[in-house]
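What follows is a short report on a single structure.
The values are calculated or read from the model by the stated rules, or taken from the named source; none is laboratory data. This one's a predicted model, so the numbers in the text were calculated from it and none came from an experiment. Cβ coordinates were reconstructed from backbone atoms using ideal geometry, including for glycine residues, and neighbour counts include every protein chain displayed. Ligands, DNA and RNA are excluded from the accessible area calculation, which covers all protein heavy atoms including side chains. Shrake-Rupley method; radii C 1.70, N 1.55, O 1.52, S 1.80 Å.
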Amino acid sequence: MAIDAAAQIPETFSYRLKNRLLGPPLVTEQLTTERLSRPLALGVLAPDCISSSAYGTEETLTQLVPAVGLAAFTLVVPIMLAILGVLFFVTLSYLEVIQRYTRAGGAYVVARDNFGPKIAQIAAVALLIDYTVTVAVQTAAGTDALTSAFPKLIPYSVPISVAVVLVLVYGNLRGIREAGKLFAFPTYFFVFSVSTVIVVGYVKAALGDIHAHPLPPTSLLVGGQLGHRGSGLLMGLAFITLLRAFANGGSSLTGLEAISNGVASFRKPEAFNARRTLVLMSSVLAFLLLGVTLLARWTHAVPYAAGSPTVLSQEVRYVLGSTWVGKALFYIVQAATLFVLYTGGNTSFNGFPYLASFVAGDQFLPRQLTRRGHRLAFSNGILVLAAVAVTLLLVTRSKVSALVALYAIGVFTGFAMAGAGMVKHHLTHREGHWRRSLAINGFAAFLSATVVLIFTLAKFTEGAWVVVVVGPLLFIGLIRLHRQYVAEDQLLEIGAVQVTEAPIRSRHAVIVLVDNLDLATARALQYARGLAPDSLRAVHFDIDSRRARQLERDWGRLGLSRLPLDIVECRDRRLTRATVELVAGVVADGETECTVLLPRRSFSSGWKRLLHDRTAERIAAGLSPVPHVSATIVPFNVGDIVSGRHQRLRSAARRVVGSGEPPVPETSGKTRTLSAPDAALARRAGGTVPIGAVQWRHRVRVAGRVHSVRVQPRGGTSNLECVLVDDTGAILLVFQGRPRIPGIETGARLVASGMAGSWDRRLAILNPDYELVAGAGAGDDDPDGD
């Protein structure tokens with residue numbers, strides 16, 4: 001009967017702690033994509049874009065009010081209309097993107113497909129910066145909404161913003177998915193609340209019930225000053241200030257690319273539904289931005305230096321009044337604003353890791369960013385994003401106005417790259433109505449690039465210089481990292497061919513380096529004997545004569561004299577060099593392959609590791625250049641001795657070896673929800689027996705999951721061997737003479753029947769009848785997006 005070996009071996013403390021904090025691990029089959037209807041998609045994909053209406057007008061006023069005072073409320077409307085003009089053309093551009101890229105049409109994908117992967121890194125850098133700053137801006141703006149309702153919290157804005165980021169990190173590490181009504185609700189709640197305020201404001205303005213309110217003391221305003229009306233066409237407003245106001249207001253358009261990134265998540269027909277949703281999202285954004293701007297003009301809501309109360313919160317108070325109903329509605333609108341801003345920050349925790357994993361898959365970022373974590377999230381990308389976002393919040397003291405200076409360059413660079421990529425696409429493919437599409441994308445790209453230039457010049461001294469300096473450095477870093485990966489791959493590929501074609505050496509010598517005679521060394525010697533080498537030596541380098549003599553006495557006293565102990569002098573105490581000289585002599589005959597075993601004590605507690613050096617790792621690294629020499633570190637966990645855990649591990653190992661079967665994945669006693677493949681298997685598993693109850697020489701019918709697959713050449717033919725497992729055990733299925741069977745791969749669900757026999761001393765069914773119930777089902781999301 002099969003033994004569940006995994007249940008016999010306790011998990012490490014760190015893994016148990018991770019399970020407690022993040023929940024049990026998710027299997028790859030649970031990685032599915034939810035298809036969204038248009039209303040649900042708008043709520044799920046739009047919070048980042050629509051929520052920017054909460055601070056877009058305010059950021060424009062932060063540049064105007066200190067320069068021209070009350071004239072700012074006259075100029076803010078035409079500036080916002082210019083921004084809405086940009087929104088119109090960028091929306092038209094992304095409609096063309098969605099029409100051609102029906103799976104994912106982010107700026108990175110469009111640029112890579114049309115300009116190649118290297119040029120696409122410009123878009124990658126811009127979008128990575130954009131995602132990072134988005135987290136900081138959205139959380140800081142959400143905190144401003146909170147402190148506008150509860151002013152006593154203003155001194156704690158930074159801790160609150162950082163705490164929100166940490167909560168988002170925790171939730172995403174647990175596997176929060178950007179889908180479902182939970183994430184759609186804040187968007188609709190905000191749109192309904194603010195739209196109500198705007199409509200009521202329009203009605204009151206038509207009735208003459210809205211008026212300009214007195215301004216607060218100058219010391220409370222942004223910049224600590226209130227400008228005055230001047231003379232000339234711009235009423236004393238310097239041209240550079242006008243550009244700064246336009247650039248700040250341009251931050252309202254962030255998140256506009258979210259629909260094109262998520263085309264694949266729409267219900268069919270994807271492109272049609274995505275284009276409709278994009279038009280609706282842009283229309284809602286335009287309505288909210290224009291409404292908030294007009295209310296600011298009528299009420300003279302001004303930006304405060306503290307960031308709170310926000311312009312939007314002042315408008316809500318002025319429009320809804322100070323009655324108990326108005327106060328209650330005020331808190332409702334602030335709650336809606338807070339929720340949508342924090343939800344908009346969460347979108348980056350989905351977008352940034354996916355983009356980073358995709359860029360890393362193209363070998364422009366470290367490969368660690370491609371790995372999914374405990375709960376199927378790209379954990380490394382989430383942690384990197386959080387670390388940078390928290391740093392930005394701390395440096396800027398959670399001030400939205402300070403963060404916006406880093407914001408729009410990345411946003412509009414992405415827009416420009418998407419438009420330029422589509423221009424190249426139209427010129428190359430010349431599909432139907434390509435000239436019209438060329439004009440739309442070309443003008444949008446030009447407009448976006450112009451905004452980038454304006455922002456760079458106007459905001460350079462206010463923080464944009466950081467992006468101007470860091471962006472090119474990141475681009476150069478990505479290119480150099482890619483060159484390194486390509487060079488390594490080419491080198492390793494050439495080396496692999498040379499190694500496989502080289503003749504195999506006839507002798508195998510094993511050398512065990514001995515420092516002390518202890519359990520770690522004994523385990524390494526035991527492992528060395530199991531290798532059955534032609535020559536086995538134990539070597540101690542003499543760097544301390546008294547220690548060497550003691551080791552010599554202990555070696556004989558403990559009955560180890562049958563295995564020679566070589567004590568080799570090391571006059572300069574350079575252990576790595578002494579080991580290199582030793583093995584170089586061993587393999588010098590041209591017939592010997594040498595393995596060096598390095599016993600290493602390992603410890604479960606971090607502070608205990610500080611008590612010991614990393615000599616084994618240094619020696620292994622020093623041996624790597626020596627041809628035909630392999631270094632193997634043999635770890636021995638000293639903590640297991642203290643806890644008695646090694647006895648349990650050893651007992652479990654004996655049972656595994658005795659059973660001759662692989663360990664079966666651990667299952668908990670809790671009720672678990674069946675995945676779709678498991679549910680299909682359960683429906684087809686009638687008349688089967690548990691694999692653990694299978695007996696030799698009996699005809700059986702079993703059902704389970706393919707745990708492993710091997711193509712084994714045998715006797716001039718190729719056999720497909722796979723291990724089928726269920727919760728009770730494992731059995732080998734052997735398909736003789738069939739090197740590959742479509743659908744039989746790891747994770748597939750099978751029902752197999754046949755005579756239980758033996759194959760290589762393992763319980764097996766040869767050439768079984770089988771039914772493929774479900775494929776592997778690993779619905780891995782394609783991160784083709786930004």
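Values for this structure:
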quantity: Candidate set from region 256-281 (those that are at pLDDT below 85 and more than 11 Å from residue 106 (Cα to Cα)); member that is least open to solvent (accessible area, probe 1.4 Å); calculated: 266
quantity: Options 606, 559: the member that is closer than 16 Å to residue 519 by Cα and either at pLDDT 75 or above or loosely packed, with under 15 Cβ neighbours inside 10 Å (or both); calculated: 559
quantity: Residue in region 738-748 that is modelled with pLDDT of 85 or more and not in a loop (DSSP other than H, G, I, E, B) present; calculated: no
quantity: Total residues in region 96-108, condition in contact with a Ser or Thr (Cβ under 9 Å, 6 or more places away or on another chain) and in a helix (DSSP H, G or I); calculated: 6
quantity: Condition check for residue 364: under 26 Å from residue 57 (Cα atoms) and either open to solvent by less than 20 Å² (accessible area, probe 1.4 Å) or in contact with a Pro (Cβ under 6 Å, 6 or more places away or on another chain) (or both); calculated: no
quantity: Filter pass, residue 369 being farther than 14 Å from residue 171 by Cα, hydrophobic (A, V, I, L, M, F, W, C) and part of a helix (DSSP H, G or I); calculated: yes
quantity: Of residues in region 387-425 being without any contact (Cβ under 8 Å) to a residue 40 or more places away in the chain and more than 21 Å from residue 160 (Cα to Cα), the one most open to solvent (accessible area, probe 1.4 Å); calculated: 423
quantity: Flag if residue 502 is open to solvent by less than 90 Å² (accessible area, probe 1.4 Å), aliphatic (A, V, I, L, M) and modelled with pLDDT under 85; calculated: yes
quantity: One residue from 130, 113 being open to solvent by 10 Å² or more (accessible area, probe 1.4 Å) and acidic (Asp, Glu); calculated: 113
quantity: Of residues in region 725-752 being open to solvent by 10 Å² or more (accessible area, probe 1.4 Å) and basic (Lys, Arg), the one farthest from residue 679 (Cα to Cα); calculated: 738
quantity: Flag if residue 467 is part of a helix (DSSP H, G or I), more than 18 Å from residue 94 (Cα to Cα) and open to solvent by less than 30 Å² (accessible area, probe 1.4 Å); calculated: yes
quantity: Residue satisfying all of: in region 174-202; of a type in the set (A, V, I, L, M, F, W, C), more than 23 Å from residue 382 (Cα to Cα) and open to solvent by 80 Å² or more (accessible area, probe 1.4 Å); modelled with the lowest pLDDT among these; calculated: 185
quantity: Candidates 87, 40, 45, 61, filtered to the one that is at pLDDT 80 or above, touching a strand residue (DSSP E or B) at 6+ places or on another chain (Cβ under 9 Å) and not hydroxyl-bearing (Ser, Thr, Tyr); calculated: 45
quantity: Which listed residue, of 538, 548, is at pLDDT 85 or above and surrounded by 11 or more Cβ atoms within 10 Å (Cβ to Cβ); calculated: 538
quantity: Scope region 282-299; condition open to solvent by 40 Å² or more (accessible area, probe 1.4 Å) and either closer than 23 Å to residue 140 by Cα or outside any helix (DSSP H, G or I) (or both); matching residues; calculated: 290
quantity: Selection status of residue 111, assigned to a helix (DSSP H, G or I) and in contact with a Gly (Cβ under 7 Å, 6 or more places away or on another chain); calculated: yes
